[in-house]
Structures are given as C-alpha cells and as structure tokens.
Amino acid sequence: MSQGPDDKAGGLIERLPPERDEAQDDRAYTVEVNIGQATDLIHLDKCKLVVIDGPDRGKTLVVDKPIIRIGTNERNQLVLTDNTVSRFHCEIRLQGEEYVLVDRESTNGTYAGELRLREVVLYPNCELLIGNSLVRFEPMVEQIPVFPIARNNYAGLVGGSPRMREVYGVIEKVAGSELTVLIEGETGTGKELIARAVHDRSRRAKSPLVIFDCSAFPENLLESELFGHEKGAFSGAIRTHKGVFERADGGTLFLDELGELPLNLQPKFLRALENGEIRRVGGERAVKVDVRVVAATNRNVATLVEEGKFRQDLFYRLAKVRLTLPGLRERMDDLPMLIDHFLTELRKRGDVPPRVAGFAPSALDALRQYDWPGNVRELRNVVERAAAFVEGERIQVEDLPSDLQARLGHSEPLGLPAFTQFDPDENLKDAKERMVALFEREYLVKLLERHNMNISRVARDAGIDRRHVYRLLKKYEIDIPDREE
C-alpha cells in the first residue's frame, strides 16, 4: 500500500507490521476492581459483523473475543460458505482501543472498495469485501454493572462476609466474557479457586483448564513449557512437546505467579495473546491457539512495571479486569465458617475422629488474634494439624500447633523444649536420631508454610533435590493440601 498511516480508505487506516507501544491504548480498557470499594461498571468490548451481500447474506455475529477469525473452516468465528473465501481468510484483532484487520495471505484478498488490504485499523460501519461476500463491521461496548451476591459460598469459595460477596459478584459478571483477568492478593487467599470459578462459569467450561506456575520451572525451560518444542530442537528434545498454550486450546490458561515471568519471554507471550498464535521452540510454522488467560500474582505487578521488570503493554493486556482479593485478616467474620468447612472435608476423608465437634470458644478467640500471613491456606493447615492430635470433643488452645501457640504467646516453639529435654535412660544414638528427626520435621513444616506448600521453593531454600523433599514428606507423614486456597 502506498498511502501513509493517516490516509483513510473506506473507513480504514493502514496498519504497518512493526511493533508499537500500545500501553496507553490498553490502559483505557483496564478495569481495576478493588474489593471493599463500590464496584462500578465493567466495560466489555464487542463487535457485530453483518454479511450484507454474498451467499451468506443476512448472517450476523456478535462476539466479544479479542481475535475473530473469518473464513470457510469451521474453526473460524464467522464461517462463510462463499467458495471464493479462503479457509482462514482474515482476522479482526482487538488491540488496545482499536480493532485491526489482518489478511491471512488469502487467495482472493480482502478489500475496502478497490483497495486490497494487508493490515488496517477498522472504523465503525466500514464494509469489507471478503471474497465475494460484503461484511459490515460494527464495534460495540457493553457496560456491565457488578453487584454483590448474597451467598455464604460460591464455586468452591467459602465465606459470607461483605468482601467475599463482592468477589462473587465480580466473578459472576466476568466469567461469561472473554476478558483477561489479573487476580492479585497475598499468598493463600484463593487465587486458583477464583480462576477455576471463572473457567467453570464460562463458555469454555467443557474445554481444558490448564494451570501453569511460572515459578516452578527454571528460566531455560520456561519457553518450552509455555510454547512447546519440536523434536530435536535442543539436547534432550527426543519428541515433540506441546506447551501449555496448545494444551489449553479452546479453554483457559491459568498463569500462576505471573510476577516470576522472565522479562525476555514477555514479548513472545504478548504476541501469543495479540495474534492467537504460538511458535514452538525449533519450529518453523505458527500454531493457532484459542486461549483465554487468567493470571494471578502475590506481587505488585504495577510496581514491577515501574521498575522495568515487567512490560507495561503485557500488564495492561493481561489486566483487562484486575481483581484484588482480601486477606483472611480482612474477613475474620468468615473464620468459623471456614473452619467448619475444613472439618467437614476432613470428616469425609476420615481424617478426624467423629467425636470432634469443632473448636472451643477459647481456641477460636486465639485464632482471631493471629494475623494469618498465609491466609486461608495457612488456616486449613492449622485445622488439619490440630484435628490430627485433639484428644477431646473440642479443639482447645493447647491442641493448636505449637509454633502457632508460640506466635500467639501461649507457649514456647515446638523445637526448643524438645531439644532441651531428654531421657537419661536413652542412649546417645537414639537421642540424637530423635532430635534430628524432630528438627527435620519442624524445619520442613516451617519452610512449607513460608513458601505456601511450593515444593520447588522449599527444595531451593533447603539446598536439596525436590525428590528428597518428597521423601521427607513421606517419612514424617506430612500431608500437603491441594494448592487451591
């Protein structure tokens, strides 16, 4: 095309292929939902495509997907029966506040009037000639009001506090859209459960939910895990490997620990979101993927952007809706309900005696005094440990884990008295083995709590192999709960 970037042709402007900075455009479409404040409106971008001439005349499509594919193949969003249209003829991509049409090297081309298009910005009500079919493009914006849901549980989440009811309301409205969601909050607040709820209530619910922890792989393996690799791409690549984008095709990719995504991989990740395509390591062809991304982090990504550790354009692309979860200390009204929920789960598994009715009032008061840095996940761990050793019908303060009692000022930490007390009739070898075992178990429990049950981080901190961590867990019968809370 010979026209400059400001020359219009039939309601379109030429878009040149080189990368551009879209951060300011993306910012306009980022909605930050701060739980605890009045929730306003979520803006949902949609577009309407109307076939006004051709074999499919009258066909209409209203869609909110960030990438809309047009062609004769059934995998397209707008499927045309026109035999002059290619299988994957062209795409309309939402980039920031603009819709961009990209011709996919179609046989008969995409036109605006007499002008053959390559990559252009679309304007409202422009008409595109796709093969012999004339299609009108109409952008739309839907404003979705968000209201709290008056329930005590929702999609696996437990709690009836005002803060949680607002969370439920946001999930209810966001889930059915194609918006990317960034879930922020402290570790253990339930970010994975939020992601599961968004997926389960979306149009993608029957397709895969693939969970990927950015902190669980060394940097040199991350690209292969995200995008896959071809056989022979590198030493040890003995077979073709599909990355998480391909495995999540048609479904949802939950990207946990987003703040750990290396800076050098972020441009490729951004291109995958913008273009709906990935390229495997060592591969030559692009692979189309249809994936909705929900991301989570316990780090302040906005601060990482300011520090130059996270790309601004990727941040705003992922954070179409930002949902900040409350810590447990901010929803202490939910404490009894959460405890009952965990005890019920333990009873179903047979891990708590039937005689145990619950927590004594004094024990509940003690738990209310704690600030819960590990949030709901830490509470579940405390309930499981207390229920395992209780002797009476009610869990008392003295039944709580000794390290928690120590932090509350009720007793000395578990390790110190055990190391200072010994049986004079016990020989040195047995006493030493007992103290080493006690130390190993307590050391492991503390690391697990510090790293919220992340085995990779525990192994790194302890300077041992992951397999050795698993052997110690088995040796000391330490149960690791699912990382959903």
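The values are calculated or read from the model by the stated rules, or taken from the named source; none is laboratory data. Just so it is clear, the structure is predicted and the values come from calculations on it, not from any experiment. Note that each Cβ is placed from the backbone with ideal geometry, even for glycine, and that neighbours are counted across all protein chains shown. The area values use the complete protein model at the heavy-atom level, side chains included, leaving out ligands, DNA and RNA. Shrake-Rupley method; radii C 1.70, N 1.55, O 1.52, S 1.80 Å.
Laid out as a table, the results:
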item	result
Evaluation of residue 412 against (1) at pLDDT 80 or above; (2) loosely packed, with under 14 Cβ neighbours inside 10 Å; (3) not basic (Lys, Arg) (one fails), failing number	(1)
Count of region 222-240 residues which are surrounded by 19 or more Cβ atoms within 10 Å (Cβ to Cβ) and in a loop (DSSP other than H, G, I, E, B)	1
Enumeration of residues in region 180-205 that are over 23 Å from residue 260 (Cβ atoms), in contact (Cβ under 8 Å) with a residue 60 or more places away in the chain and not small (Gly, Ala, Ser)	204
From the options 92, 149, 144, residue that is among the β-branched types (Val, Ile, Thr), free of Cβ contacts under 8 Å to residues at least 60 places away in the same chain and in contact with a strand residue (DSSP E or B) (Cβ under 8 Å, 6 or more places away or on another chain)	92
Scope region 135-182; condition open to solvent by less than 40 Å² (accessible area, probe 1.4 Å), in a loop (DSSP other than H, G, I, E, B) and more than 18 Å from residue 65 (Cα to Cα); matching residues	146, 149, 155, 159, 160, 161
Members of region 351-396 found to be acidic (Asp, Glu) and farther than 28 Å from residue 192 by Cβ, listed by number	365, 391, 393
Residue within region 329-349 that is polar (S, T, N, Q) and modelled with pLDDT under 90 present	no
Looking only at region 365-388, and only at residues there that are open to solvent by 10 Å² or more (accessible area, probe 1.4 Å) and in contact with a Leu (Cβ under 7 Å, 6 or more places away or on another chain), the one that is modelled with the lowest pLDDT	384
Matching residues, region 389-405, being open to solvent by 60 Å² or more (accessible area, probe 1.4 Å) and either not in a helix (DSSP H, G or I) or not hydrophobic (A, V, I, L, M, F, W, C) (or both)	391, 393, 394, 396, 398
Which numbered condition residue 312 misses (of (1) over 30 Å from residue 407 (Cα atoms); (2) open to solvent by less than 60 Å² (accessible area, probe 1.4 Å))	(2)
Subset tally (residues that are assigned to a helix (DSSP H, G or I), free of Cβ contacts under 8 Å to residues at least 60 places away in the same chain and among the small types (Gly, Ala, Ser)) for region 450-478	2
Residues (surrounded by fewer than 16 Cβ atoms within 10 Å (Cβ to Cβ) and either in contact with a Gly (Cβ under 8 Å, 6 or more places away or on another chain) or on the phi > 0 side of the Ramachandran plot (or both)) located in region 52-82	58
Candidates 180, 110, filtered to the one that is at pLDDT below 95 and β-branched (Val, Ile, Thr)	180
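Yes/no per residue for (1) open to solvent by less than 20 Å² (accessible area, probe 1.4 Å); (2) free of Cβ contacts under 8 Å to residues at least 24 places away in the same chain; (3) on the phi < 0 side of the Ramachandran plot; (4) among the charged types (D, E, K, R):
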| residue | (1), (2), (3), (4) |
| --- | --- |
| 88 | no, no, yes, no |
| 98 | no, no, yes, yes |
| 108 | no, no, yes, no |
| 113 | no, no, no, no |
| 119 | no, no, yes, yes |
